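This report concerns only the one structure given below.
The values are calculated or read from the model by the stated rules, or taken from the named source; none is laboratory data. On a predicted model such as this, the values are computed, not experimentally measured, just so you know. Note: ideal-geometry Cβ built from the backbone for every residue, glycine included; neighbour counts use all protein chains shown.
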């Protein structure tokens, strides 16, 4: 199954890249000339045309203008589903996020992607080693921001997040970025379908010292668990395993600060009484 998904994704971007190459050649431009006109590296042009790098919406608009394609590339990219713009190892999660009835997330190292501001997200990717490169970073940032559109659905999912206090103490991107991130958490979790709790650094016992997890419920009321570490991921629907993770999450909620206490904690970090 994973290999078929990878082939489908590659085929999508290879088709887009072939169209870019077709329009470039029609305009009688070499890759070098086109790269200079677009103010990007020639390797970036090659990666897009070969399908190794996704064509982002803003870049598609620029290419349309340079190649006089009447907006064809921008329209094509805009119509691609979010999952086709996601890195392979996270596609299983995103497939279910888009229609989930509920999403429960415990995170220990960084803000959950579904709560991140654009600047916080960019800083996370900028810190990545080996370096991603600016083009790939912007591609991944834009895609992660698109994932957050689920909160604007007519029937948004129930969302709950348990965040380790250490995440809030780590200044990813600097103080201003963190202040904006704190405010975004408060804004996104203000609706009645959303909430978050903070796990204090001194809180013991702790039910989940073995890492982060995401629990999802599908429209068919199937319960799933998504686990990710580095560039590897695992999605399971095994009833016994899913049950264990739900018990873990329930215990985490009982051990963390209450939602009201967590809101007050964040207001304190923002310098508010």
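Restricting the first member to region 236-247 and to residues that are assigned by TED's automatic domain parsing to the domain that holds residue 209, and the second to residues that are at pLDDT 90 or above and part of a helix (DSSP H, G or I), the beta-carbon pairs closer than 9 Å and six or more apart or on different chains are 236/242; 236/245.
Can you tell which of 219, 205 is part of a loop (DSSP other than H, G, I, E, B), without any contact (Cβ under 8 Å) to a residue 60 or more places away in the chain and more than 26 Å from residue 123 (Cβ to Cβ)?
From the options 219, 205, the qualifying one is 205.
On inspection, residue 147 passes the criterion of being surrounded by 18 or more Cβ atoms within 10 Å (Cβ to Cβ) and either assigned by TED's automatic domain parsing to the domain that holds residue 263 or in contact with a strand residue (DSSP E or B) (Cβ under 7 Å, 6 or more places away or on another chain) (or both). Do we find a residue being closer than 23 Å to residue 226 by Cβ, outside any loop (DSSP other than H, G, I, E, B) and modelled with pLDDT of 95 or more anywhere in region 173-184? Checking region 173-184: at least one residue is closer than 23 Å to residue 226 by Cβ, outside any loop (DSSP other than H, G, I, E, B) and modelled with pLDDT of 95 or more.
Does residue 226 meet the test of being buried (at least 18 other Cβ atoms within 10 Å of the Cβ) and assigned to a helix (DSSP H, G or I)?
Working: buried (at least 18 other Cβ atoms within 10 Å of the Cβ): yes; assigned to a helix (DSSP H, G or I): no.
When the stated conditions are applied, residue 226 does not pass them.
Quick check: anything in region 118-130 in contact with a strand residue (DSSP E or B) (Cβ under 7 Å, 6 or more places away or on another chain) and under 21 Å from residue 270 (Cβ atoms)?
Narrowing region 118-130 to residues in contact with a strand residue (DSSP E or B) (Cβ under 7 Å, 6 or more places away or on another chain): none.
So far as region 118-130 goes, no, none of its residues is in contact with a strand residue (DSSP E or B) (Cβ under 7 Å, 6 or more places away or on another chain) and under 21 Å from residue 270 (Cβ atoms).
Taken over region 223-237, residues that are out of contact with any helix residue (DSSP H, G or I) (no Cβ under 9 Å at 6 or more places or on another chain) and under 20 Å from residue 99 (Cα atoms) amount to 1.
When the helices (runs of 4 or more DSSP H) confined to region 1-111 are screened for residues that are at pLDDT 85 or above, farther than 30 Å from residue 247 by Cα and out of contact with any helix residue (DSSP H, G or I) (no Cβ under 7 Å at 6 or more places or on another chain), those reaching at least 2 such residues are found at 2-26, 31-38, 57-67.
Quick check on residue 209: is it under 15 Å from residue 162 (Cα atoms), surrounded by fewer than 18 Cβ atoms within 10 Å (Cβ to Cβ), more than 22 Å from the chain's Cα centre (by Cα) and assigned by TED's automatic domain parsing to the domain that holds residue 99? Reasoning before the result, please.
Values: under 15 Å from residue 162 (Cα atoms): yes; surrounded by fewer than 18 Cβ atoms within 10 Å (Cβ to Cβ): yes; more than 22 Å from the chain's Cα centre (by Cα): yes; assigned by TED's automatic domain parsing to the domain that holds residue 99: yes.
So residue 209 passes the test.
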